[in-house]
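The structure appears below as C-alpha cells.
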Amino acid sequence: MVGTGGGAEVAVRRWIEAGGGRLVLDGGLATELEANGADLNDPLWSAKCLLTSPHLIRKASAHAVHLDYLEAGANIISSASYQATVQGFESKGFSKEQSENLLTKSVEIANEAREIFLKEHSNQSPPVQRPILVAASIGSYGAYLADGSEYSGDYGEAGTVEFLKDFHRRRLQVLAEAGPDLIAFETIPNKLEAQAYVELLEECNINIPAWFSFNSKDGVNIVSGDSLIECATIADKCGKVGAVGINCTPPRFIHGLILSIRKVSIALSYLFLIGMISDKPILIYPNSGERYDGEKKEWVESTGVTDGDFVSYVSEWRKDGAALIGGCCRTTPNTTGPYSEL
Ligand SMILES: [Zn+2]
C-alpha cells in the first residue's frame, strides 16, 4: 500500500519497488574495518578512518569495505560518519572547518565507492540495474560520548531535546549538503533523541529521506526502557522519515520487535486512512548476536548466529513485513551475500 505520508516515504517505496520489493543494506562497517586490520580503539571509532589517506588503496579503508558490500549485493551503503561529529574532531585538534570537511568526506567516500563499483561493472551484461544508494550515518549523542550510553540511553543532565538538537544540528546540515540519498539515524537509544531528530529535520528543512532505527536489548523496549511503540510513533508521524526500524540488536529479538512496530501502523490506521500519517516501510539490520564485553573491549565470539542462520532469519523478517534488511556490528559481506539473492 502506498502511504499518503511525506515525500520521504514515497521516495523509499519507489526504491523498494526498483529493488524488486526489497532493499539490501550493508553490514557492520566499523567492525568490518577492524576485521580488515584498522585500529578503531578511539572515541571516533569508524570515523578514525577518515583521518587516514590515501583511503583508496588500503584494505582497511571505508572505500574498500563499501565496495565489498556492493560486491556482496547491497543496495545501500552507509557512510563512516556514525561516530563523526564536529565536537569529536575538534577535541582531536581539528578546526571547525576541517571537522566539517571530514564529515563531508565520509559521504564522498561512499559516493566514490558507488561510482567505482558501477564503472567496474559497466561492461557487464546485463548491466547493474539494482538501485545503489548512499546513506549518511548519524549515530547518537551517546555514540559520540563513547561511554556505553548509546546502549543505556541515559544522558543524565544532557538529556533534553534542546541540548540534543544543538549537538546534532550542524552535523546534520553538513552531512545533508554532502549529497547522500538518505540520512540514517542509527542506534537511537531513547525517545528524546528521536524527538530531537524529528524537530531538526523540520527546522533545517532537510529534504533527503531519513530513516530512524532504534536498538533494543530486551526485545520489548528500546535500550533506555522507552517504549518502542512510542518511539516508532514519533518517527511515523514525521513526513521527512521514509522508514522506521531496528538495528544493532540480536537477531533473536527482531521478530517480536517488527510486530511491535507494525502495531503502530495498526493503532494509527484511522489517522492513516484520513491521510494524517503513514505507515512507513520497516527497516531491520541486527548485529551478529554476539555479546560485547565493555570492560575487555571485545566481542565474545560463539555467542552469535552463523551467516547461515542469518539467512533463515532474513526470510522470516521479510514475511513479517520488513522491506529493508541488512546487518550491523560483526556482520560482514559474507553475511550479506547469501541473503541478497533471496
Ligand atoms: Zn552496530
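The values are calculated or read from the model by the stated rules, or taken from the named source; none is laboratory data. These numbers come from a predicted model, not from an experiment. Cβ atoms come from the backbone with ideal geometry, glycine included; neighbour counts cover every protein chain shown. Only protein heavy atoms, including side chains, enter the accessible area calculation; ligands, DNA and RNA are left aside. Shrake-Rupley method; radii C 1.70, N 1.55, O 1.52, S 1.80 Å.
Based on this model, can you work out whether residue 191 counts as under 19 Å from the mean Cα position of the chain (by Cα), open to solvent by 10 Å² or more (accessible area, probe 1.4 Å) and within 16 Å of residue 161 (Cβ to Cβ)? Yes.
Residue pairs whose Cβ atoms lie under 7 Å apart, separated by 6 or more positions or on different chains, with the first residue in segment 28-40 and under 18 Å from residue 326 (Cα atoms) and the second within 11 Å of the ligand (Cβ to nearest atom) and assigned to a helix (DSSP H, G or I), are 29/46; 30/45; 30/46; 33/46. So which residues in segment 277-308 are more than 16 Å from the ligand (Cβ to nearest atom) and closer than 26 Å to residue 232 by Cβ? Those that are more than 16 Å from the ligand (Cβ to nearest atom) and closer than 26 Å to residue 232 by Cβ: 277, 278, 279, 280, 281, 282. Counting only helices (runs of 4 or more DSSP H) that sit wholly inside segment 1-101, those with at least 1 residues that are hydroxyl-bearing (Ser, Thr, Tyr) and under 21 Å from the mean Cα position of the chain (by Cα) are 30-35, 62-71. Residue 73 is checked against (1) at positive phi; (2) in contact with a helix residue (DSSP H, G or I) (Cβ under 7 Å, 6 or more places away or on another chain); (3) open to solvent by 40 Å² or more (accessible area, probe 1.4 Å) and fails just one. What number does that condition carry? The single condition residue 73 does not satisfy is (3).
Note on segment 102-123: residues that are open to solvent by less than 80 Å² (accessible area, probe 1.4 Å) and not in a helix (DSSP H, G or I) total 2.
Consider segment 233-261 and keep the residues that are away from the ligand (no atom under 15 Å from the Cβ) and under 15 Å from the mean Cα position of the chain (by Cα). The one that is nearest to residue 23 (Cα to Cα) is 243. The combined condition, being within 16 Å of the ligand (Cβ to nearest atom) and more than 26 Å from residue 319 (Cα to Cα), is fulfilled by residue 189.
Any idea which residue in segment 194-223 is farthest from the ligand (Cβ to nearest atom), counting only those that are more than 18 Å from the chain's Cα centre (by Cα) and open to solvent by less than 40 Å² (accessible area, probe 1.4 Å)? Checked segment 194-223; the qualifying residue farthest from the ligand (Cβ to nearest atom) is 204. Scanning segment 156-175 for residues that are open to solvent by 20 Å² or more (accessible area, probe 1.4 Å) and either closer than 16 Å to residue 222 by Cβ or touching a strand residue (DSSP E or B) at 6+ places or on another chain (Cβ under 8 Å) (or both) gives a single hit, 159. So is residue 263 at pLDDT below 90, basic (Lys, Arg) and over 18 Å from residue 229 (Cα atoms) or not? Spelling it out, it is not the case that residue 263 is at pLDDT below 90, basic (Lys, Arg) and over 18 Å from residue 229 (Cα atoms). Residues in segment 304-335 that are open to solvent by less than 60 Å² (accessible area, probe 1.4 Å) and within 12 Å of residue 252 (Cα to Cα): 304, 305, 310, 313, 314, 317.
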